[in-house]
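Have a look at the structure below before the remarks.
The values are calculated or read from the model by the stated rules, or taken from the named source; none is laboratory data. Here the structure is a predicted model, which is why all the values come from computation and not from measurement. So basically every Cβ, Gly included, is an ideal-geometry build from the backbone, and we count neighbours across all protein chains shown.
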């Protein structure tokens, strides 16, 4: 087993929804990770960094989930579900269902709502079969699901009841429910559990299937480790916010102060935390999230890590924005306490420390040994004459080297948009100067891309995590911050993941990437 706490590693960043195969239903699925990781192994990678796989909100953003714990059932690989197979599988679909499936498979982008609607329809039929032929007969599969339900009751019970109640109310948000249910009154909840027993069990069945498939994928993907992404927040209309209302301040929303992405700052429309209540409860919910993440992933990124130190709160009544906690000593103490809670769960923890980050946060992460990010385009001496780039060879080992994130523009777009002064500063890096590529080398070419990629491969950072698009010089984006629309969270790889190993272009690229990994000592481990 690969030890991700030590040594040099190379990985890629890709949302699961982007990684479709011939078998998937218009969206990347859990078992699509296996053929994807087969190609990654050939390319010298041992980490696949995914974006969050939590059950998404209707806005389809992975960072606004309806549960901090549940895997989104939309990622289930239906072909691997025994109950679907027992019903006849795809050949038993109606003409209308078959037509819709074909349209979704060949759609240029992920059609989240349509995929979810079709999959849930089929999954309900599969559950009816499971209930009749397995659950009521107390078969081995039924006993396996019962063991999962018992082991995961600490989060699964509230989640499944929330989803059942929400379904019963036409997916209306919980604050529009009857007052007793919205207020989480125990007597009303007991009655709801009895009334909605079948729907609650269905939601647990979906999570059991997801758990089984996830651990199968993790085993078959090895030695590539699956890394996750723990969102800073959950949605206001989530199982967690509903069942733990005491932990949230619904009079304020969280966001980010002005930075490179937004001159006015960002408002994410998500409820703020009541950190003082969490502290009084010994950060139990944070520890639960860390425990769940460590069960699913070999490592994970803590999203918007600065928010755990100081949250940027935006009052709903329009009053002045503020940070909570208010002063730096309290912020430092809180952040270190919460980061230790994540690290103590056992998985490798990395910190998304991009944007407006005070110096004390990065100093804290250094003390804790938690790597933050080094993004090539932003690693400069901003206060020195000419604002020179920091040579990646000097980047600290306890860091994550990359060319960009799911929120940045592509490597080609950045290169072509750079002004002459930026190009001159970049050319001062000895490796760039030695390459012979002139500062006016536009448009972007494969040679330019290789120069930049190899530069970060050879960085001092022990961890290298590259956006999948940058490996091939593609210009596609996952998300454009502070915007909404079908251009966000819907990108699909141009090739099916089951064809990557045999695709000539992908195979040729894998050979080059593997060589860089070996030359930069990112393959110095038992494979």
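Output the residues belonging to the range 487-505 that are under 14 Å from residue 17 (Cα atoms) and over 19 Å from the mean Cα position of the chain (by Cα).
494, 495, 496
Identify the residue in the range 94-112 that is surrounded by 11 or more Cβ atoms within 10 Å (Cβ to Cβ) and within 25 Å of residue 167 (Cα to Cα) and, among all such residues, is farthest from the chain's Cα centre (by Cα).
So, considering only residues that are surrounded by 11 or more Cβ atoms within 10 Å (Cβ to Cβ) and within 25 Å of residue 167 (Cα to Cα), the one farthest from the chain's Cα centre (by Cα) is 97.
Residue check, residue 163 against (1) over 16 Å from residue 73 (Cα atoms); (2) surrounded by 15 or more Cβ atoms within 10 Å (Cβ to Cβ), all met but one. Which one?
(1)
Quickly run through the range 89-124 and pick out the residues that are outside any helix (DSSP H, G or I) and within 16 Å of residue 75 (Cβ to Cβ).
Filtering the range 89-124 for residues outside any helix (DSSP H, G or I) gives 93-94, 106-111.
Within the range 89-124, 110, 111 qualify.
Filter the range 274-284 down to residues that are in contact (Cβ under 8 Å) with a residue 24 or more places away in the chain, surrounded by fewer than 19 Cβ atoms within 10 Å (Cβ to Cβ) and part of a helix (DSSP H, G or I), then give me how many there are.
Total meeting the criteria: 2.
What is the number of the single condition among (1) in contact (Cβ under 8 Å) with a residue 24 or more places away in the chain; (2) surrounded by fewer than 16 Cβ atoms within 10 Å (Cβ to Cβ); (3) touching a helix residue (DSSP H, G or I) at 6+ places or on another chain (Cβ under 8 Å); (4) outside any loop (DSSP other than H, G, I, E, B) that residue 414 does not meet?
The number of the failed condition is (2).
Given the structure, is residue 79 touching a helix residue (DSSP H, G or I) at 6+ places or on another chain (Cβ under 8 Å), closer than 25 Å to residue 204 by Cβ, outside any helix (DSSP H, G or I) and at pLDDT 95 or above?
Details: touching a helix residue (DSSP H, G or I) at 6+ places or on another chain (Cβ under 8 Å): yes; closer than 25 Å to residue 204 by Cβ: yes; outside any helix (DSSP H, G or I): no; at pLDDT 95 or above: yes.
No, not satisfied.
Evaluate the range 370-388: report whether one residue or more is under 26 Å from the mean Cα position of the chain (by Cα), more than 27 Å from residue 474 (Cβ to Cβ) and modelled with pLDDT of 95 or more.
Residues of the range 370-388 that are under 26 Å from the mean Cα position of the chain (by Cα), as a first pass: 370-379.
Within this subset, residues satisfying the condition of being more than 27 Å from residue 474 (Cβ to Cβ) are 370.
Remaining after also requiring modelled with pLDDT of 95 or more: 370.
Yes.
Given the conditions (1) within 30 Å of residue 285 (Cα to Cα); (2) part of a helix (DSSP H, G or I), which single one is not true for residue 127?
Residue 127 satisfies every listed condition except (1).
Of the numbered conditions (1) within 30 Å of residue 232 (Cβ to Cβ); (2) crowded, with 22+ Cβ neighbours inside 10 Å, residue 59 fails exactly one; give the number of that condition.
Checking residue 59 against (1) within 30 Å of residue 232 (Cβ to Cβ); (2) crowded, with 22+ Cβ neighbours inside 10 Å, the one that fails is (2).
Give, as residue ranges, the helices (runs of 4 or more DSSP H) completely inside the range 445-527 that count at least 3 residues that are within 20 Å of residue 37 (Cα to Cα), touching a strand residue (DSSP E or B) at 6+ places or on another chain (Cβ under 9 Å) and in contact (Cβ under 8 Å) with a residue 12 or more places away in the chain. Let's see the steps before the verdict.
Details: elements: 446-457, 468-472, 504-519.
In the range 445-527, 468-472, 504-519 are the helices (runs of 4 or more DSSP H) which contain 3 or more residues that are within 20 Å of residue 37 (Cα to Cα), touching a strand residue (DSSP E or B) at 6+ places or on another chain (Cβ under 9 Å) and in contact (Cβ under 8 Å) with a residue 12 or more places away in the chain.
Yes/no matrix, rows are residues, columns are (1) closer than 30 Å to residue 160 by Cβ; (2) touching a helix residue (DSSP H, G or I) at 6+ places or on another chain (Cβ under 6 Å); (3) part of a strand (DSSP E or B); (4) touching a residue at least 12 places away in the same chain (Cβ under 8 Å):
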{"site": "11", "(1), (2), (3), (4)": "no, no, yes, yes"}
{"site": "22", "(1), (2), (3), (4)": "no, yes, no, yes"}
{"site": "28", "(1), (2), (3), (4)": "yes, yes, no, yes"}
{"site": "34", "(1), (2), (3), (4)": "yes, yes, no, yes"}
{"site": "44", "(1), (2), (3), (4)": "no, yes, no, yes"}
{"site": "69", "(1), (2), (3), (4)": "yes, yes, no, yes"}
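Is there a residue being surrounded by 13 or more Cβ atoms within 10 Å (Cβ to Cβ), over 29 Å from the mean Cα position of the chain (by Cα), without any contact (Cβ under 8 Å) to a residue 60 or more places away in the chain and assigned to a loop (DSSP other than H, G, I, E, B) anywhere in the range 137-152?
Scanning the range 137-152 turns up at least one residue that is surrounded by 13 or more Cβ atoms within 10 Å (Cβ to Cβ), over 29 Å from the mean Cα position of the chain (by Cα), without any contact (Cβ under 8 Å) to a residue 60 or more places away in the chain and assigned to a loop (DSSP other than H, G, I, E, B).
I need a count of the residues in the range 320-339 that are touching a helix residue (DSSP H, G or I) at 6+ places or on another chain (Cβ under 7 Å) and either farther than 13 Å from residue 372 by Cα or free of Cβ contacts under 8 Å to residues at least 12 places away in the same chain (or both).
Kept after step one, since they are touching a helix residue (DSSP H, G or I) at 6+ places or on another chain (Cβ under 7 Å), are these residues of the range 320-339: 324-325, 328, 331-332, 334-336, 338-339.
Adding the requirement that they be either farther than 13 Å from residue 372 by Cα or free of Cβ contacts under 8 Å to residues at least 12 places away in the same chain (or both) leaves 324-325, 328, 331-332, 334-336, 338.
Count: 9.
Taking the range 46-62, which residues are touching a strand residue (DSSP E or B) at 6+ places or on another chain (Cβ under 8 Å) and part of a loop (DSSP other than H, G, I, E, B)?
Kept after step one, since they are touching a strand residue (DSSP E or B) at 6+ places or on another chain (Cβ under 8 Å), are these residues of the range 46-62: 46-57, 62.
Correct list: 46, 51, 52, 53, 55, 57, 62.
Determine, yes or no, whether residue 390 is free of Cβ contacts under 8 Å to residues at least 24 places away in the same chain and touching a strand residue (DSSP E or B) at 6+ places or on another chain (Cβ under 9 Å).
Details: free of Cβ contacts under 8 Å to residues at least 24 places away in the same chain: yes; touching a strand residue (DSSP E or B) at 6+ places or on another chain (Cβ under 9 Å): yes.
Taking the combined requirement at face value, the residue satisfies it.
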